[in-house]
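Just so you know, all these numbers are worked out from the coordinates, no wet-lab data involved. Everything numeric in this text was worked out from a predicted model, so none of it was measured. In this analysis, Cβ positions are derived from the backbone assuming ideal geometry, glycine residues included, and neighbour counts consider all displayed protein chains.
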Amino acid sequence: MASVAVPSQAGPHEAEFQLSVGEGKILQFKKKPQIAAVAELVWNALDANATLVDVELRRDWDAITQIVVTDNGHGMTTDRARAAFAGYGETWKTGKTHTEGNTRILHGRNGEGRLYAFALGDRLTWESVAEVEGELVGVRINGDADHATIWRVVETEPARDKTGTTVRIDVPQGKPLRGLERQDAAANLTAKLAFYLRAYPDVSVTFDGKRLDPSDIIVGEPIDLRLDLPEEYTQEDPAPVVTFVEWNQRMSDRRMLICNADGIALYEQGREWTDSIVSFTPYLRSSLFNDISVDDLHGLPMSHGGLLDVAAKAVQKHLALRGAQISAAVVRQLKDEGIYPYSGPSASGTQAIERQTFDVVVTVARDALPVKGAARQLSVSLIQTALESSPGDLHTILAKVLALSDEDRRHLKNLLDSTDLTHVIEAATTVTNRLNFIGALRKILADPQLRKDLREVDQLHPMIAKNLWLFGEDWNMAMNEVGLTNVLQAHLEDQLGEDVVLENQLEPVTQPDGRSGRVDVLLFRSRRDDSSTERLIIELKRPTVRVGKKELDQIKGYARAIVDDPQYSGVDCKWRFYLITYDYSDKILRDIRQKDKPEGLADDHHDYEVWVKSWGEILDTAEKKLLFFQRQLNYEATDDRVTQHLRESYSRFIPEALAEDGQNGAAASNSSTGSETPSTLHP
């Protein structure tokens, strides 16, 4: 791309060039990955035959203020600097495959590497010393993001006594350089230079005081994966290959690297590879990429889509194999230590999934587990216990007990989300808890004395409020809409009578004679998305009330009053009103069993519905939805189990007779000496 020389007052030793591509084209490099930008500066040094390259991060109060890249390469003369910086995409490397003197393989040929420096800072300076006919000559090049198309090249006295180049990048105050501050920054840079550094062991690259050595982080030897090549690639010699390099630490840069046949990384391609067990980089190597342009690299999905697809499949296949090998080794070690928490075949499909999940989790956490002793055994037991009964606690254990890194926990979450293993275990726990709750509510309502003792305000209401899935799964996470209170309250007494109280205004009700009063409770919830709003209103009738025509007319009148209220009139919303009772009169059967309508639907309009349901019908419907899962789990909600579930989960909300039975049972168990007592614990 041509440039325009800008007149200078400094004479022939100074020149300015204005690139004709426009600032937008140049400033797009500010968005490049920061480690990739450092890599480009290192590659420029290596292409100048440097054997020593140092990347220094200068800090002030822990913030990076300047980046300095120093090398001992052949440097630049004024003429070469003018040629290199005068035009966008122009470079002395064009058409060449090796550095001067055929010493090493060239990396760059597109004249863009220097522009990557804008990803690191706004003011750029190159100071270079080269040798011409036995004499050292100096040159300085300046660039500024505020005038991104203008480059100033000045001939200077040599700034050093040997050839080489120093690049200084001033970092503006407040600019985050997280890509360089990460703990794995050096490892990420090493991954990009790995094949080059292995090929040329005399080359030394230092980043922030640490020499980059691939052997420090490579696990074993790189493996070339066989590709099931499309027909158009079968004649390539050498054939394209993916080299799979495994690392002993986590990498944040995980895209496939497109490389020439020698493994020199040219471009990052495709999505990030995420795996919670294996840290790796795949290198797609082919002579097809030896002389490829930047534009052609961007167009790889179009020009070489078939090759990229088979490469990705080969990586995925090998990744699954390595993950299984590592997991098997971890499990074998735990078994040898006698702390693997499972033995024998799994008793059910759910237990098999739990075991699979445990194997995955403990493999991911293998490096975070204590090395030996009681602490190691306790950590393994905590993981198993969380998976068995409370998967939601797993991430807390991994974070606070094992101190697993945020990165590893994020990878683990992605893995478990993608495989649905944790979801299955959570679903199994949810299903058994719901079956227990249904059985427990049946137990209370079927017993005349327990039904009589059940209080709506502080017992029935809070239990139902915690289990709104009884009215549809979507209501389980619905919110209590504060703004709805005033409208509901305004029509409450006129339509439903003075014995009905909103759930957010519940207080102990006392009759004039001092006895506890009985009221009906009105629950209300709402849920919204981008396209609709739904509201659920539930009137919980006292178990002693048998619903008849009067109560039905009341709830229908209340529904119409709410929907027609000026605050909601004309608002796009679907209302569902439920009247829930222990029993209802035969006199309303015609109203709730209408032809071509679901049973219980008493009033049906485009903006609202009124339903009358008995507790038996509500529980039957909910139980049927859980029937399939119940069969898969081979789970039966026995009387002991449902009673224990009530005492463990709803001890504050159940009639005293149930709670007292539990306390008496515990006392009897504690006082017995050798006699067997029925267990109420889950098997």
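Report the gain in length on full extension from Glu56 to Arg527: 0.36 nm times residue separation, minus Cα-Cα distance, nm rounded to one decimal.
Extending this stretch completely gives an extra 164.1 nm.
Provide the FRET efficiency to the nearest 0.05 for the Gln356-Gln183 pair, computing r from the beta carbons and using R0 = 45 Å. Efficiency for this residue pair is about 0.90. Taking the three principal axes of the alpha carbon atoms in region 218-324, the coordinate ranges are 34, 25, 22 Å, sorted in descending order. When peptides 222-235, 351-364, 201-214 are sorted by average Cβ neighbour count within 10 Å, with the highest value leading, the order is 351-364, 201-214, 222-235.
Among Ile64, Ile538, sorting on how many other beta-carbon atoms sit within 10 Å of each Cβ, with the fewest leading, yields Ile64, Ile538. Close amide-amide hydrogen proximity is noted between Tyr578 and Ile537, Ile538, Glu539, Trp611, each under 5 Å apart and 5 or more residues distant or on a separate chain (H modeled in the peptide plane; Pro and chain starts excluded). Counting other Cβ atoms within 10 Å as a rough exposure proxy, the listed residues Glu268, Glu157 run Glu157, Glu268 from fewest neighbours to most.
Length gained on full extension, Asp146 to Arg271, computed as 0.36 nm times the residue gap minus the Cα-Cα distance: 41.7 nm. Between Lys317 and Ala261, the C-beta separation translates, for a Förster distance of 25 Å, into a calculated FRET efficiency of about 0.60. Listed from fewest to most Cβ neighbours within 10 Å, the set Arg434, Arg542, Arg527, Arg285 follows the order Arg527, Arg542, Arg434, Arg285. Rounded to the nearest 0.05, what FRET efficiency do Ala465 and Gln325 have when you use their Cβ-Cβ distance and R0 = 60 Å? Once the sixth-power term is evaluated, E becomes 0.75.
Of interest is the spacing of the C-alpha centroids, which for region 525-567 and region 592-630 amounts to 15 Å.
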